[in-house]
1. Would you check if residue 4 is in contact with a strand residue (DSSP E or B) (Cβ under 9 Å, 6 or more places away or on another chain), in a loop (DSSP other than H, G, I, E, B) and either over 18 Å from residue 121 (Cα atoms) or modelled with pLDDT under 90 (or both)?
2. Take the conditions at pLDDT 80 or above, within 19 Å of the chain's Cα centre (by Cα) and surrounded by 13 or more Cβ atoms within 10 Å (Cβ to Cβ) and apply them to residue 193. Does it pass?
3. Going through region 34-59 one residue at a time, which ones are without any contact (Cβ under 8 Å) to a residue 60 or more places away in the chain and surrounded by 14 or more Cβ atoms within 10 Å (Cβ to Cβ)?
4. Looking at 28, 63, which one is in contact with a helix residue (DSSP H, G or I) (Cβ under 8 Å, 6 or more places away or on another chain) and under 19 Å from residue 139 (Cα atoms)?
5. If you go through region 89-100, how many residues are farther than 19 Å from residue 149 by Cα and part of a strand (DSSP E or B)?
6. Take region 90-112 and flag every residue that is without any contact (Cβ under 8 Å) to a residue 60 or more places away in the chain and surrounded by 13 or more Cβ atoms within 10 Å (Cβ to Cβ).
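The values are calculated or read from the model by the stated rules, or taken from the named source; none is laboratory data. Since the model is a prediction, treat every value here as computed from it, not as a measurement. Neighbour counts run over all protein chains shown; Cβ positions are idealised from the backbone, glycine included.
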């Protein structure tokens, strides 16, 4: 009698967060920490900001500005520190990020014709994901190295800069324990890693 074997499906563990009405994802291995929103210093309508976390200066990327062309309003929310090569960047979101485990076969590439012409070109893959209450949402998976490319474009003057008064908003900083959806395997310490 022949036995049956179930082949494990390779999956990718990601963190999902919202920017306005879009769901963005980033691989867990690129996530360093998730904090309550710290003080962010930002000039006018620029998509770049800066903050200090544990004596480290972190460049903050306003993905709302990158995608929609205007700066998002600063308010209470969450701050995600991600690693891209030897760089660290901060991303902001108004809602609590969650973790998900998605089969690699569920991802498809963002078409190059779209990626090269749209502000969502910072994402290289996308997938249909059930996030909550059996609601299917499209998640765009960010490529951390494309975040570095955004900063380089800004340095080269290819992105619009507006020099206005520097503004700061203060919120308490604390490390958070994030909920894990039932379909995802807990990953101990994913958001509490020591910086190398």
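1. On the way: in contact with a strand residue (DSSP E or B) (Cβ under 9 Å, 6 or more places away or on another chain): no; in a loop (DSSP other than H, G, I, E, B): yes; either over 18 Å from residue 121 (Cα atoms) or modelled with pLDDT under 90 (or both): yes.
In short, no.
2. On the way: at pLDDT 80 or above: no; within 19 Å of the chain's Cα centre (by Cα): yes; surrounded by 13 or more Cβ atoms within 10 Å (Cβ to Cβ): yes.
When the stated conditions are applied, residue 193 does not pass them.
3. Quick first cut of region 34-59, residues without any contact (Cβ under 8 Å) to a residue 60 or more places away in the chain only: 49-52, 55, 57-58.
Within region 34-59, 49, 50, 51, 58 meet the criteria.
4. Details: 28 fails: in contact with a helix residue (DSSP H, G or I) (Cβ under 8 Å, 6 or more places away or on another chain).
The unique qualifying residue is 63.
5. Pass one, region 89-100, residues farther than 19 Å from residue 149 by Cα: 93-100.
Checking which are part of a strand (DSSP E or B) leaves us with 93, 98-100.
So the count comes out to 4.
6. So in region 90-112, the residues without any contact (Cβ under 8 Å) to a residue 60 or more places away in the chain come out as 90, 92, 106, 108-112.
Result: 90, 92, 106, 110.
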